[in-house]
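The values are calculated or read from the model by the stated rules, or taken from the named source; none is laboratory data. Since we're looking at a predicted model, the values are computed, not measured. Heads up, the Cβs are rebuilt from the backbone with ideal geometry, glycines too, and the neighbour counts pull from every protein chain shown.
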Amino acid sequence: MAIELSRKQFDILEALATAEAPLTQREIERRTSHSLGTVNKVSKELADMGFINDGKITGAGLDALEPYRARRAVFIAAGFGSRMVPITLNTPKPLVRVHGQRIIDSLIDACLKAGINEIYIVRGYLAEQFDQLLYKYPMIKFLENPAYNDANNISSALVARYMLSNAYVFEADLLLSNPSIIKKYHYTSDFLAIPKDRTDDWCFTVKDGIIVEEKVGGLDCWQMVGISYWNDADGHKLSQDIAEVYNAPGGKERYWEQVPLVYCKEHYKVAVSECKDDDIVEIDSFKELKALDKSYDIGS
């Protein structure tokens with residue numbers, strides 16, 4: 001039976017598991033933001049449990065982290081990408097190249113670096129073009145969304161609803177510049193977000209590290225990034241709740257993340273995971289694409 005770790009125990013084990021060399025207590029303090037006294041106390045607990053030894057995680061420690069490991073990734077990639085016309089008339093947005101690399105490659109590469117090799121892509125618009133990914137990523141499995149043109153992205157989540165335990169869910173049109181924000185281990189379900197004094201975009205109100213409201217625009221809030229992680233228990237709940245919301249009146253018009261954050265939020269406690277503006281870029285329009293990659297600016 002798996003041992004349930006405290007948050008502090010998890011943080012220290014995770015720091016050791018992802019370090020390239022043994023860590024001193026001072027280094028663990030810097031990596032976890034826990035006080036040195038806390039690091040000393042919890043490290044002794046973990047040593048007594050046989051989980052760490054001489055600044056390194058043991059095999060038993062890795063086993064204790066296993067229930068918290070990200071096992072799969074689901075990419076929501078079925079949409080048309082209307083704001084990127086004309087480039088998306090012939091190419092799905094995730095396959096558009098920026099400086100020679102497909103947008104989705106940055107996300108897949110980050111998953112593989114984090115040891116996540118079970119990868120699903122939900123496709124719809126120009127679905128057959130995604131086959132090109134198999135040359136570089138033969139492990140990919142495709143899930144077909146026949147309703148992509150008649151429903152919002154909740155229809156893609158419906159197709160993938162049984163794949164959401166211990167899983168990342170990605171909007172597939174995000175250009176990642178910092179792959180380290182994709183983590184191998186997660187203590188709880190979480191949504192990536194950027195702290196903002198003000199935003200007109202989709203954002204979260206957060207209390208004690210937990211998302212309590214999703215809204216458009218706000219002050220002193222967290223701007224939503226389309227990357228989330230769902231633990232085993234929440235993934236199983238999502239498989240039921242997504243179908244229930246989808247089949248309710250008006251359900252096909254919903255965004256999939258509104259299921260755990262709005263319509264069924266009493267079933268979930270979703271943490272916020274901080275990232276920075278320069279970690280990731282969402283290219284919302286063809287104008288933004290041209291500004292990022294001058295090769296698309298045919299007038300220049």
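If the requirement is being outside the structural domain of Trp202 (by TED's automatic domain parsing), surrounded by fewer than 17 Cβ atoms within 10 Å (Cβ to Cβ) and over 22 Å from Lys215 (Cβ atoms), which of these qualifies: Asp278, Asp297? Steps first, please.
Working: Asp278 fails: outside the structural domain of Trp202 (by TED's automatic domain parsing).
Of Asp278, Asp297, the one residue that is outside the structural domain of Trp202 (by TED's automatic domain parsing), surrounded by fewer than 17 Cβ atoms within 10 Å (Cβ to Cβ) and over 22 Å from Lys215 (Cβ atoms) is Asp297.
With respect to Ile211, is the statement that it is surrounded by 19 or more Cβ atoms within 10 Å (Cβ to Cβ), within 17 Å of Ile194 (Cα to Cα) and modelled with pLDDT of 95 or more true?
Details: surrounded by 19 or more Cβ atoms within 10 Å (Cβ to Cβ): yes; within 17 Å of Ile194 (Cα to Cα): yes; modelled with pLDDT of 95 or more: yes.
In short, yes.
Look at Ala193 and say whether it is buried (at least 19 other Cβ atoms within 10 Å of the Cβ) and within 20 Å of Asp232 (Cα to Cα).
Numbers: buried (at least 19 other Cβ atoms within 10 Å of the Cβ): yes; within 20 Å of Asp232 (Cα to Cα): no.
Answer is no for this residue.
Can you confirm whether Ile140 is modelled with pLDDT of 95 or more, crowded, with 22+ Cβ neighbours inside 10 Å, hydrophobic (A, V, I, L, M, F, W, C) and within 18 Å of the chain's Cα centre (by Cα)? Before you say what the answer is, go through the steps one by one.
Details: modelled with pLDDT of 95 or more: yes; crowded, with 22+ Cβ neighbours inside 10 Å: no; hydrophobic (A, V, I, L, M, F, W, C): yes; within 18 Å of the chain's Cα centre (by Cα): yes.
It is false that Ile140 is modelled with pLDDT of 95 or more, crowded, with 22+ Cβ neighbours inside 10 Å, hydrophobic (A, V, I, L, M, F, W, C) and within 18 Å of the chain's Cα centre (by Cα).
Pairs please, first residue from region 256-278 and closer than 26 Å to Ala78 by Cα, second anywhere and among the hydroxyl-bearing types (Ser, Thr, Tyr) and modelled with pLDDT of 95 or more, Cβ atoms under 6 Å, 6+ apart in sequence or on different chains.
From region 256-278, the pairs are Pro260/Tyr268; Val270/Ser189.
Which ones in region 54-77 are of a type in the set (Val, Ile, Thr) and in a strand (DSSP E or B)?
So in region 54-77, the residues of a type in the set (Val, Ile, Thr) come out as 57-58, 74, 76.
Answer for region 54-77, where residues must be of a type in the set (Val, Ile, Thr) and in a strand (DSSP E or B): Ile57, Val74, Ile76.
Go through region 108-129 and report how many residues are exposed (fewer than 14 other Cβ atoms within 10 Å of the Cβ) and in a helix (DSSP H, G or I). Step through it out loud before you land on a result.
Filtering region 108-129 for residues exposed (fewer than 14 other Cβ atoms within 10 Å of the Cβ) gives 113, 115, 117, 128.
Checking which are in a helix (DSSP H, G or I) leaves us with 113, 128.
Of the residues in that region, 2 qualify.
Residues to consider are Asp105, Asp173; find the one that is surrounded by fewer than 20 Cβ atoms within 10 Å (Cβ to Cβ), under 24 Å from Leu192 (Cβ atoms) and among the acidic types (Asp, Glu).
Numbers: Asp173 fails: surrounded by fewer than 20 Cβ atoms within 10 Å (Cβ to Cβ).
Sole residue among the options that is surrounded by fewer than 20 Cβ atoms within 10 Å (Cβ to Cβ), under 24 Å from Leu192 (Cβ atoms) and among the acidic types (Asp, Glu): Asp105.
Residue-by-condition table, conditions (1) more than 23 Å from Tyr168 (Cβ to Cβ); (2) surrounded by 15 or more Cβ atoms within 10 Å (Cβ to Cβ); (3) touching a residue at least 24 places away in the same chain (Cβ under 8 Å); (4) aromatic (Phe, Trp, Tyr):
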{"residue": "Val39", "(1), (2), (3), (4)": "yes, yes, yes, no"}
{"residue": "Lys44", "(1), (2), (3), (4)": "yes, no, no, no"}
{"residue": "Gly55", "(1), (2), (3), (4)": "yes, yes, yes, no"}
{"residue": "Gly59", "(1), (2), (3), (4)": "yes, no, no, no"}
{"residue": "Glu66", "(1), (2), (3), (4)": "no, no, yes, no"}
{"residue": "Val74", "(1), (2), (3), (4)": "no, yes, yes, no"}
{"residue": "Ala77", "(1), (2), (3), (4)": "no, yes, yes, no"}
{"residue": "Gly81", "(1), (2), (3), (4)": "no, yes, yes, no"}
{"residue": "Ile87", "(1), (2), (3), (4)": "yes, yes, yes, no"}
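Provide a single number: the residues in region 10-33 that are in contact with a Phe, Trp or Tyr (Cβ under 8 Å, 6 or more places away or on another chain) and in a helix (DSSP H, G or I).
Here the count works out to 5.
List pairs: first in region 145-157 and in the same structural domain as Pro92 (by TED's automatic domain parsing) and at negative phi, second part of a helix (DSSP H, G or I) and of a type in the set (Lys, Arg), Cβ under 6 Å, 6+ apart or cross-chain?
Every condition considered, the pairs that remain are Ala151/Lys252.
Per-residue answers, yes or no, for (1) in a helix (DSSP H, G or I); (2) over 15 Å from Glu257 (Cβ atoms):
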{"residue": "Asp131", "(1), (2)": "yes, yes"}
{"residue": "Asp150", "(1), (2)": "no, yes"}
{"residue": "Leu158", "(1), (2)": "yes, no"}
{"residue": "Ser180", "(1), (2)": "yes, yes"}
{"residue": "Cys203", "(1), (2)": "no, no"}
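Any residue at all in region 34-47 that is closer than 18 Å to Thr188 by Cβ, touching a strand residue (DSSP E or B) at 6+ places or on another chain (Cβ under 7 Å) and either assigned to a helix (DSSP H, G or I) or outside the structural domain of Lys183 (by TED's automatic domain parsing) (or both)?
Checking region 34-47: not a single residue is closer than 18 Å to Thr188 by Cβ, touching a strand residue (DSSP E or B) at 6+ places or on another chain (Cβ under 7 Å) and either assigned to a helix (DSSP H, G or I) or outside the structural domain of Lys183 (by TED's automatic domain parsing) (or both).
The conditions are (1) more than 23 Å from Arg71 (Cβ to Cβ); (2) surrounded by fewer than 16 Cβ atoms within 10 Å (Cβ to Cβ); (3) assigned by TED's automatic domain parsing to the domain that holds Pro94, and Gly251 fails exactly one of them. Which is it?
Evaluating Gly251 over (1) more than 23 Å from Arg71 (Cβ to Cβ); (2) surrounded by fewer than 16 Cβ atoms within 10 Å (Cβ to Cβ); (3) assigned by TED's automatic domain parsing to the domain that holds Pro94 leaves (2) as the failure.
Does Gly235 satisfy being surrounded by 15 or more Cβ atoms within 10 Å (Cβ to Cβ) and either closer than 17 Å to Val74 by Cβ or modelled with pLDDT of 95 or more (or both)? First the steps, then the outcome.
Details: surrounded by 15 or more Cβ atoms within 10 Å (Cβ to Cβ): yes; either closer than 17 Å to Val74 by Cβ or modelled with pLDDT of 95 or more (or both): yes.
Taking the combined requirement at face value, the residue satisfies it.
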